[in-house]
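A.B. asks: The structure under discussion is supplied below as structure tokens; questions concerning it will follow.
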Amino acid sequence: MSFTKTTEQSSHYEALEQMSVQELLRNINREDQTVPLAVERALPQIEQLVTRVVEQLKKGGRLFYIGAGTSGRLGIVDASECPPTYGVPHDLVNGIIAGGDQAIRRAVENAEDNTTQAWLDLQAHQISENDFVIGIAASGTTPYVIGGLEACNQNGIATGGITCNAGSPLALTAQYPIEVVVGPEFVTGSSRMKAGTAQKLVLNMISTTAMIQLGRVKGNKMVDMQLSNNKLVDRGVRMIMSEIPVSYEVASELLQKHGSVRKAVNAYHQTQ
């Protein structure tokens, strides 16, 4: 099958090395401004995927991201931030990268070319039909990702995909494809730039919307966040004060005793 990899097409800009710092920054920024508009065009696809993700999570399933290189790292970042932000179990949202954890910091040669390893990596997590797997690949052609989604499809596991090329093998393999077509990169082929930004925006939308739908936000507050540093403890205290009429000291005591904003506020209301 042939299709056009717009992420690999030549940059709209020539002679980058002759540009001043100001010119480089302005031109990169000009390109970056097109990314949210590309994401907007994909909103119907994103909605379909998130709706199914929420269904799976509500019946006890988990969310998995699989990817290689930048795409894999972005999935890991999104997954790793869900427990501290929303107080969910660490295995609810999972990021898996081709080449294993060592590939988070340093590229692992040929890891993305292995068509069977993603399924093995998923099986190590006892993947099941309740789960949902999203393959992330800017090019839409990464063998590791496509092989993983194909195996999931064959085993009755719902699949999604995030790619930046229209009509790619990834989009044709995923049951719920998201295609955010951002066009050529400022530096030709450097898909960590606009494509990476697009993927990050979409991942933010998927996990945030899912967590809100699961009841992990009250009003607009992260009431289940983990209190892992002084900044978050202070934020939690002030969130309690905005919900109930108590002093900073009392709110602090309630938070320390109950461990989360939600539990502290509920406990207060039960005593009134």
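The values are calculated or read from the model by the stated rules, or taken from the named source; none is laboratory data. Since we're looking at a predicted model, the values are computed, not measured. Positions of Cβ are backbone-derived with ideal geometry, glycine not excepted, and every protein chain shown enters the neighbour counts. SASA here: full protein model, heavy atoms, side chains in, ligands and nucleic acids out. Shrake-Rupley method; radii C 1.70, N 1.55, O 1.52, S 1.80 Å.
A.B. asks: Semi-axes, largest first, in whole Å: what does sqrt of 5 times each Cα gyration tensor eigenvalue give for the chain?
C.D. replies: Working: eigenvalues 273, 119, 52 Å².
Three semi-axes, in Å: 37, 24, 16.
A.B. asks: Tell me the net charge near ASN155. Cut-off is 12 Å between Cβ atoms, ASN155 excluded, with +1 for each Lys or Arg and -1 for each Asp or Glu.
C.D. replies: Summing Lys/Arg as +1 and Asp/Glu as -1 gives -3.
A.B. asks: Also, quick follow-up: Please sort by residue number the trypsin sites (Lys or Arg not before Pro) in region 43-108 whose DSSP state is loop and whose Cβ has at most 15 other Cβ atoms within 10 Å.
C.D. replies: LYS59, ARG105, ARG106
A.B. asks: Another question, then. For region 72-163, state the average projected area of the convex hull of the C-alpha atoms over all orientations, rounded to one decimal in nm².
C.D. replies: 5.8 nm²
A.B. asks: A follow-up question, please. Where the only charges are on Cβ atoms (+1 Lys, Arg; -1 Asp, Glu), what is the dipole of the chain about its Cα centre, to the nearest 20 debye?
C.D. replies: 880 debye
A.B. asks: Taking a virtual spin label 7 Å from the Cα of MET241 along the C-beta vector, which residues in region 250-272 bring their backbone nitrogen under 19 Å of it?
C.D. replies: 250-266, 268-269
A.B. asks: At a 1.4 Å probe radius, carbon and sulfur cover how many percent of the accessible area of the chain?
C.D. replies: The computed percentage sits at 48.
A.B. asks: Top to bottom by accessible area (1.4 Å), largest first, where do LYS218, LYS257 land?
C.D. replies: Largest to smallest exposure gives the sequence LYS257, LYS218.
A.B. asks: Further question: In degrees, nearest 10, range 0 to 90: what is the angle between the Cα axis of helix 194-213 and the longest Cα principal axis of the chain?
C.D. replies: 30 degrees
A.B. asks: Rank GLN256, VAL182, LEU24 by how far each Cα sits towards the positive end of the charge dipole of the chain (+1 on Lys, Arg Cβ; -1 on Asp, Glu Cβ) and give me just the farthest.
C.D. replies: GLN256
A.B. asks: Write down the accessible area per residue of the chain in Å², having rolled a 1.4 Å probe over the full set of protein chains.
C.D. replies: Using a 1.4 Å probe on heavy atoms only, each residue of the chain averages 50 Å².
A.B. asks: Farthest toward the dipole's positive end in region 1-75, which of GLN45, GLY69, HIS12, given Cβ charges of +1 (Lys, Arg) and -1 (Asp, Glu) about the Cα centre?
C.D. replies: GLN45
A.B. asks: To the nearest 20 debye, what is the magnitude of the charge dipole of region 76-173 about its Cα centre, counting +1 on the Cβ of each Lys and Arg and -1 on the Cβ of each Asp and Glu? It would help to have the intermediate numbers written out before the result.
C.D. replies: Numbers: 2 positive and 11 negative charges, 29 e Å.
About 140 debye.
A.B. asks: Okay, moving on. Check the straight Cα-Cα distances from LYS5 and name the lysines below 26 Å, setting aside those fewer than 8 residues away within the same chain.
C.D. replies: LYS194, LYS200
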